[in-house]
Amino acid sequence: VKTQPGIGSAMLEYMEVFDASSEKSDKEMEVYLVVPEDENAMGSYIALNDAKKGSPLPLTSSGAVITDKLAKELNLSPGDAIEIILDENYSVYVPVASVAENYCFHYIYLTKDLYKSVFGANPLYNYISANLSVENMDQEQKNNLAKTLMSEYEISAVAYTSQIQDSFQNIMNSI
């Protein structure tokens, strides 16, 4: 994927949807668990900033970074443990290292080393974040790139941040 014309850089990630809870709350929340292949490169694709200070947050093996609204809904702070519910009979607990600002959905970010220590296996990367090499790619170019990626690789969908931002803005404008 990284060598495709139009792709400037790309990073593999593991992403899966789970339910999460905590001992401090009766709620269960749907969360996206994200594990980047290279946590040092993650800042080029996903900005994790401290929910209170706005400063960049590192992703470390000492604990998860969870998003602000998730922390509030489950009454969690750094030092607490978040429960990731794998099925009705099995959960894993991960210490919370920090809380990141976020405006849509609930996320838990782990390093691959922390994922392996919690889940007992390496993550199976199933998601790609990429930066375009062309800053002002028009819609036809984006459509052609998406068609190429989906036909030549095992990619089932392509979404552009600009399209997601536009959709979100349209939803907000309709409220």
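Values for this structure:
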read-out	value
From Leu149, Leu132, residue being more than 20 Å from Ile46 (Cα to Cα), open to solvent by less than 70 Å² (accessible area, probe 1.4 Å) and in contact (Cβ under 8 Å) with a residue 60 or more places away in the chain	Leu149
Considering residues of region 116-129 that are of a type in the set (Phe, Trp, Tyr) and under 14 Å from the mean Cα position of the chain (by Cα) only, the residue surrounded by the most Cβ atoms within 10 Å (Cβ to Cβ)	Tyr127
Odd one out for Asp113, checked against (1) open to solvent by 90 Å² or more (accessible area, probe 1.4 Å); (2) within 28 Å of Lys52 (Cα to Cα); (3) without any contact (Cβ under 8 Å) to a residue 40 or more places away in the chain; (4) part of a helix (DSSP H, G or I)	(3)
Filter result for Glu13 (among the charged types (D, E, K, R), out of contact with any Pro (no Cβ under 7 Å at 6 or more places or on another chain) and in contact (Cβ under 8 Å) with a residue 12 or more places away in the chain)	no
Residue list for region 54-89, filter: in a strand (DSSP E or B) and farther than 16 Å from Val31 by Cβ	Pro56
Number of the exception - Tyr127 against (1) in contact with a Phe, Trp or Tyr (Cβ under 9 Å, 6 or more places away or on another chain); (2) modelled with pLDDT of 95 or more; (3) of a type in the set (Phe, Trp, Tyr)	(2)
Filtered residue count, region 14-53, keeping only those that are open to solvent by less than 40 Å² (accessible area, probe 1.4 Å), assigned to a loop (DSSP other than H, G, I, E, B) and farther than 22 Å from Ile155 by Cα	4
Criterion (under 27 Å from Gly54 (Cβ atoms) and open to solvent by less than 30 Å² (accessible area, probe 1.4 Å)) met by exactly one of Ala97, Ala159, Ala71	Ala71
Hits in region 116-129 (condition: more than 17 Å from Val31 (Cα to Cα) and outside any strand (DSSP E or B))	Lys116, Ser117, Gly120, Ala121, Asn122, Leu124, Tyr125
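The values are calculated or read from the model by the stated rules, or taken from the named source; none is laboratory data. Here the structure is a predicted model, which is why all the values come from computation and not from measurement. Every residue, glycine as well, gets a Cβ built from its backbone with ideal geometry; the counts of neighbours run over all protein chains shown. Heavy atoms of the whole protein, side chains included, go into the accessibility calculation; ligands, DNA and RNA do not. Shrake-Rupley method; radii C 1.70, N 1.55, O 1.52, S 1.80 Å.
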